[in-house]
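What follows is a single structure, written as structure tokens, with notes after it.
The values are calculated or read from the model by the stated rules, or taken from the named source; none is laboratory data. Here the structure is a predicted model, which means the values were calculated and not measured. Here the Cβ is made from the backbone with ideal geometry for all residues, glycine too, and neighbour counts use every protein chain on show. Keep in mind that these areas ignore ligands, DNA and RNA; they rest on the heavy atoms of the full protein, side chains included. Shrake-Rupley method; radii C 1.70, N 1.55, O 1.52, S 1.80 Å.
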Amino acid sequence: MKTYNHYINGAWIEPASGKYFDTENPYTGEVWAKIARGTSEDADKAVKAAKAAFESSDWADMRPTQRGKLLVRLAEIIERESQRLGELEVQDNGKLIAEMGGQTKYLAEWYRYYGGLADKVEGAVLPSDKPGIFNFTRYEPMGVIGMITAWNSPLLLLAWKLAPALAAGNTAVIKPSEFTSASSLEFMELIKEAGFPDGVVNCITGMGLEVGQPMVEHPDLAKVAFTGSDFAGQKIYETAAKKIMPVTLELGGKSPNIVFEDADFEAAVMGVISGIFAATGQTCIAGSRLLVQRSVHDKFVKRLIEVAGGAKIGNPMSMDTHVGPVTTQPQYEKILHYIKVAKEDGAVCVLGGKPYTGEGARGNRFVEPTIFTGVSNDMRIAQEEVFGPILSVIPFDTEEEAIEIGNDIVFGLAAGVWTSDIGRALRMSEKLKAGTIWINTYRAVSFMSPFGGYKRSGQGRESGQESIKEFLQVKSVWIAQETTAANPFIMR
Ligand code: NAD
């Protein structure tokens, strides 16, 4: 069995506690590796190594163009290793190889994109209203960035943080989810091969409260970039507030996928299915609330049942599997709990609604794709994030009503709209309160496009040109062109 230690200052370091925990394959239920169980001592070691690297001339004096070249080299290594990384993700988090193979290859683009951006961050010479004083701005890295990720797409969520943070000249301490630490740890070998100086990227593992929290509390940490639940996000925000430390928070969602009667029917069906049953519904952007215009409700639900009911459930390593296992045991129990809650609250289960034990199932982690009709937007199944293959169907009559229901939620991560009316598409994209709006498509993300949440879905943006600024601070520099002994008791 494989044993993984922490990666600190370019070396594999045993945990101070001497303790390890198991990581398992969600499909087979087999424990396949031991992972270091970190504590505050390990967090301290890693943050100090990252701080020393941030201040060392090897990194601090490196020109942005050279940092960019390292990132581009890393992108090439990722492409070479993408199949292996994809298989590793599947082994640890149970997502489909059909998706992860492409995803691990695609994540190279984040490193290439921010590699290109590294030497294009420009300050400005500002027009001045102060005679004889010259004023310019410069963007500077912040220092050590703590990066905490969720279990559903470990390497992708890491790329969204690590690529811009390194391009900006910061150093990093990564704390992946305790359920899926292996891929981030293996990734450290790629970082080393690309030629980043030791200490620039570190990875520590363990439980959120045991090693994540002490890392966030560490006085030498400059910022936290977090992806996870709104519960943990709030806790991290509170801890950061005590130090006045900035945060990026990518949190949960309960996104509406809104189908109008004028939509391309079959495209909308496939889009709704992809929004909730792909990745077994374990995505922050899951379109878990289907808002469907009443005139097409029955026909639409009938077709959804046909397609989702025919989904092939089973081995995530098979290219023809559609729905894989739930990644973690607590998540599996949470999904079953919400099915019970929905039934108790009066929603009607028209598909699934129970564990799947049929052909292709192994272990004990499969849930049937589940559809509830008769849902009203105030039910718990419509308001709370499940993070599983559970779709709530809510009928509406008018565009105004769709907007009202779509926005009647504490979250605001994404929304989908299916319509053939361009005017309606534009109105909906303006009125829906979410960080991403998809019109006649769903689940499209790119390194080029900003991603993040409105409302309780988060703080800050990842991807796109703006996101490099999340890892920079701006400094304003004033230079007097002539030195004069001015009156010291009045403002210049
Ligand atoms: P989680 O909040 O339980 O854990 C996320 C990470 O935070 C883990 O690494 C965990 O160890 C760590 N953690 C927990 N408490 C901590 C604390 N007090 N201090 C420091 N670290 C702590 O989330 P999860 O179950 O791993 O992931 C599922 C959640 O992630 C869902 O809510 C989903 O919507 C969200 N998510 C959001 C996005 C996005 O981009 N918005 C993407 C993927 C997942």
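Data overview
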| quantity | calculated |
| --- | --- |
| Fraction of beta bridges assigned by DSSP in the chain that are antiparallel (%, nearest 5) | 40 percent |
| Long-range HN-HN contacts of F396 with modeled amide H, under 5 Å | V292, Q293, R294 |
| Ordering of 181-191, 422-432, 398-408 by packing [mean C-beta count within 10 Å, highest first] | 181-191, 398-408, 422-432 |
| Alpha-carbon spread of the range 327-385, three principal axes, descending order, Å | 36, 22, 14 |
| With every protein chain in place, the range 348-492: carbon and sulfur % of accessible area (1.4 Å) | 53 percent |
| Residue-normalised accessible area of the chain, given per residue in Å² at a 1.4 Å probe | 41 Å² |
| Under 14 Å, Cβ to Cβ, from A278 - net charge with Lys/Arg +1 and Asp/Glu -1 | +2 |
| Value of relative contact order over the chain, rounded to a whole percent, pairs C-alpha under 8 Å and six or more apart | 18 percent |
| Fraction of accessible area attributable to carbon and sulfur, the range 169-300 (%, probe 1.4 Å) | 60 percent |
| Count, lysine Cα pairs under 16 Å in the range 218-308, 8 or more residues apart or across chains | 4 |
| 5 angstrom amide H check on D262, placed H, neighbours 5+ away | S420 |
| Built amide H within the under 5 Å cut-off of L413, gap 5+ | K254, G435, Y454 |
| Segment V125-W12, extension gain: residue separation times 0.36 nm, minus the distance between their alpha carbons | 36.1 nm |
| From phi via Karplus (6.51, -1.76, 1.60), per-residue ³J(HN,Hα) for the range 402-410 in Hz, x at Gly/Pro | 4, 5, 4, 5, x, 8, 7, 6, 6 |
| Beta bridges by DSSP in the range 1-68, antiparallel share as percent, to the nearest 5 | 75 percent |
| The chain: angle of helix 64-93 to the longest principal axis, Cα-based, in degrees nearest 10 | 30 degrees |
| Rounded to 5, percent antiparallel among DSSP beta bridges of the range 256-439 | 15 percent |
| Phi-based couplings in Hz for the range 191-196 (Karplus 6.51, -1.76, 1.60; Gly and Pro marked x) | 4, 5, 4, 5, x, 5 |
| Reciprocal of mean inverse Cα separation for the chain (Kirkwood radius, Å) | 23.8 Å |
| For the range 1-82: relative contact order, % (alpha-carbon pairs under 8 angstrom, 6 or more apart) | 24 percent |
| Acute angle (nearest 10 degrees) that the helix 154-167 long axis makes with the longest principal axis of the chain, alpha-carbon atoms | 20 degrees |
| Karplus (6.51, -1.76, 1.60) ³J(HN,Hα), θ = phi - 60°, over the range 339-352, in Hz, Gly and Pro reported as x | 5, 5, 4, 4, 5, 4, 7, x, 6, 9, 7, 9, 8, x |
| Binned Cα-Cα distances of the range 256-439, short to long, each 10 Å bin given as a whole percent | 10, 40, 35, 13, 2 |
